[in-house]
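To start, the structure under review is shown below, and the notes come after it.
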Amino acid sequence: MTSFQAVHSAEQITEVVTLAYEIWQEHYVPIIGQRQVDYMLEKFQSERAVTEQLRNFYEYYIVIHQGQNVGYVAVVPNRLQSALLISKIYIRRPKRGHRLGKTTLRFVENICLQRGIKLIWLTVNKNNAHSIAWYLRMGFRNVGSTIADIGGGFVMDDFRLEKTMDQQSSGGGSLMNAPGQLLCS
Ligand SMILES: CC(C)(COP(=O)(O)OP(=O)(O)OC[C@H]1O[C@@H](n2cnc3c(N)ncnc32)[C@H](O)[C@@H]1OP(=O)(O)O)[C@@H](O)C(=O)NCCC(=O)NCCS
C-alpha cells in the first residue's frame, strides 16, 4: 500500500531534506554537476528553505510505501489561476519503475479534482531525458523552453510541461479515486 503524509513537523521537514540530498546527488549531479546541485540543495531544499516554502503556499507530501519513505512530492496549488505547479516529484532510485511515480501523480491529480483545478504544470531540465519521456507518457505535453536565473552564476534551462485535467494520458488510467482520499494502493 502507498500513502502520502502531509509535511508539517520539523521531523518531517528533516526527512524531506534527507530524501532530497540522496536523490539530488544520485540523479542531478550527472545532469547539472556537483556545484549546481550543492547550490540548489542549499537554496531550495535545506530545512530553512522548505520551512519557508511551507509558509508560502507549498505543500509537501512524503510518499510511503510498505512502511518506508520512498520519495516526496511538492506542489503549489493556485485556485485563482486554476493551476497547480508540481515543484518536485522524486522517487528513490531503488524504488523506481514500480508505478510509485504514477501513483504519486494520481495523488496530485486527485488534489486538483478536489479543488477544481484544471491545469498541472512543471518545469524539467532539458537533459533530464528519462523523466521528460515519463511525463509525456503520463499525458503531459511540452509547451516550450524556459530559462530561469537562480543566482550564483547558475540557470535552470528547462522545458515547461503541462497537462489539462480533462485529458487522459495514454498510460495514465482513470482518475476515479475518491476525492479526499489520501491513500492509494
Ligand atoms: C520520474 C519518476 C518520478 C517516475 O517515477 P517511477 O516510479 O520511476 O515511474 P513509474 O514506475 O510510476 O512509471 C509508470 C509508467 O511509466 C512508464 N515509464 C517509466 N519510465 C518511463 C520512461 N522513461 N519513458 C516512458 N515511459 C516510462 C512505465 O512503463 C509505466 O507505464 P505503465 O503504467 O503503462 O506500465 C522517477 O523516475 C524519479 O523520481 N526520477 C528522478 C527524479 C526526477 O527526475 N523527477 C522529475 C523531476 S522534474
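Computed from the coordinates by the stated procedures, all read-outs in this text should not be read as laboratory data. Since the model is a prediction, treat every value here as computed from it, not as a measurement. Cβ placement follows ideal geometry from the backbone for every residue including glycine, while neighbour counts extend to all protein chains displayed.
Of the listed requirements (1) in contact (Cβ under 8 Å) with a residue 60 or more places away in the chain; (2) of a type in the set (A, V, I, L, M); (3) surrounded by fewer than 19 Cβ atoms within 10 Å (Cβ to Cβ), residue 41 misses just one: (1).
Step by step: first the residues of region 104-127, then only those that are part of a helix (DSSP H, G or I) and touching a Cys at 6+ places or on another chain (Cβ under 7 Å), then the one that is surrounded by the fewest Cβ atoms within 10 Å (Cβ to Cβ). Which residue is that? Give the steps one after another, and end with the answer.
Here is the first cut: in region 104-127, the ones part of a helix (DSSP H, G or I) are 104-115.
Restricting the remaining residues to those that are touching a Cys at 6+ places or on another chain (Cβ under 7 Å) gives 106-107.
On the way: 106: 19, 107: 22.
Only one residue tops the list, namely 106.
Check whether at least one residue in region 104-119 is near the ligand (Cβ under 8 Å from one of its atoms), over 19 Å from residue 29 (Cβ atoms) and without any contact (Cβ under 8 Å) to a residue 12 or more places away in the chain, and report yes or no. There is no residue in region 104-119 that is near the ligand (Cβ under 8 Å from one of its atoms), over 19 Å from residue 29 (Cβ atoms) and without any contact (Cβ under 8 Å) to a residue 12 or more places away in the chain. Within the span defined as region 89-97, every residue fails to be surrounded by fewer than 19 Cβ atoms within 10 Å (Cβ to Cβ) and within 13 Å of the chain's Cα centre (by Cα).
Residues in region 104-144 that are more than 11 Å from residue 84 (Cβ to Cβ) and among the β-branched types (Val, Ile, Thr) were compared, and the one that is farthest from the chain's Cα centre (by Cα) is 143. The residues listed here are 101, 71, 97; of these, the one that is part of a loop (DSSP other than H, G, I, E, B) and near the ligand (Cβ under 9 Å from one of its atoms) is 97. Of all residues in region 128-146, those being within 11 Å of the ligand (Cβ to nearest atom) and either surrounded by 13 or more Cβ atoms within 10 Å (Cβ to Cβ) or over 17 Å from residue 30 (Cβ atoms) (or both) number 10.
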